[in-house]
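Below: one structure, written as structure tokens.
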Amino acid sequence: MFGIPGKAAVTLTASAAKQIARLMARDGSQGLRIGVKKGGCAGMEYTMDYVSEVNPLDEMVEQDGARVLIAPMAQMFLIGTEIDYEVSLLESGFKFRNPNVIDSCGCGESVKFEEAPARL
């Protein structure tokens, strides 16, 4: 919908692709749908949900056995995002490196996107 022809809307690191493929196999899902919703101290939060049925309006990215579906309303916010999966001594989880983010909260759970200019 908002993608650049011939280029994936989001990219996955090898670690993220491996974890997503593992989650898909464990839960028998068709992939993970990512999106954004209002919330958090910076204004927007990322969402991730298992997909049992693919929505034809979702943008689909497949890599190394992993399938990510981008919800239609989130596509314009996620273009160019790199998704990683990091494991540290204290935590593990998906990290979004999104060039469209202009601010984020201190804990990194919510983000702010540049507002679209008002239409005349």
Using a 1.4 Å probe and ignoring any ligands, DNA or RNA, find the accessible area of Arg67 and quote it in Å² to the nearest 10. 50
Calculate one ³J(HN,Hα) per residue across segment 86-95 by plugging θ = phi - 60° into the Karplus curve 6.51 cos²θ - 1.76 cosθ + 1.60, and present them in order as whole Hz with x for glycine and proline. 10, 10, 10, 4, 9, 7, 9, x, 7, 10
For segment 10-113, just run the numbers: alpha carbon Rg, then divide by 2.2 N^0.38 Å, N being how many residues it has. 1.04
If DNA, RNA and ligands are ignored and the probe is 1.4 Å, what is the ranking of Lys18, Lys95 by accessible area, most exposed first? Lys18, Lys95
Measure off 7 Å from each Cα along the Cα-to-Cβ vector at Glu45 and Asn100, then give the distance between these two points in nanometres to one decimal. 1.9
In terms of modelled amide H atoms, which long-range or inter-chain residues lie less than 5 Å from the amide H of Thr81? Thr11
Rounded to the nearest 5, what % of DSSP beta bridges with both residues in segment 10-113 are antiparallel? 80
Here the alpha-carbon Rg of segment 45-91 over 2.2 N^0.38 Å rounds to 1.32
What FRET efficiency, computed as 1/(1 + (r/R0)^6) with R0 = 22 Å and r the Cβ-Cβ distance, is obtained for Gln30 and Ser92, rounded to the nearest 0.05? 0.40
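The values are calculated or read from the model by the stated rules, or taken from the named source; none is laboratory data. Just so it is clear, the structure is predicted and the values come from calculations on it, not from any experiment. Note that we place each Cβ from the backbone using ideal geometry, even for glycine, and neighbour counts take in every protein chain shown. Accessible surface is based on the protein model in full, side chains and every heavy atom, while ligands, DNA and RNA are left aside. Shrake-Rupley method; radii C 1.70, N 1.55, O 1.52, S 1.80 Å.
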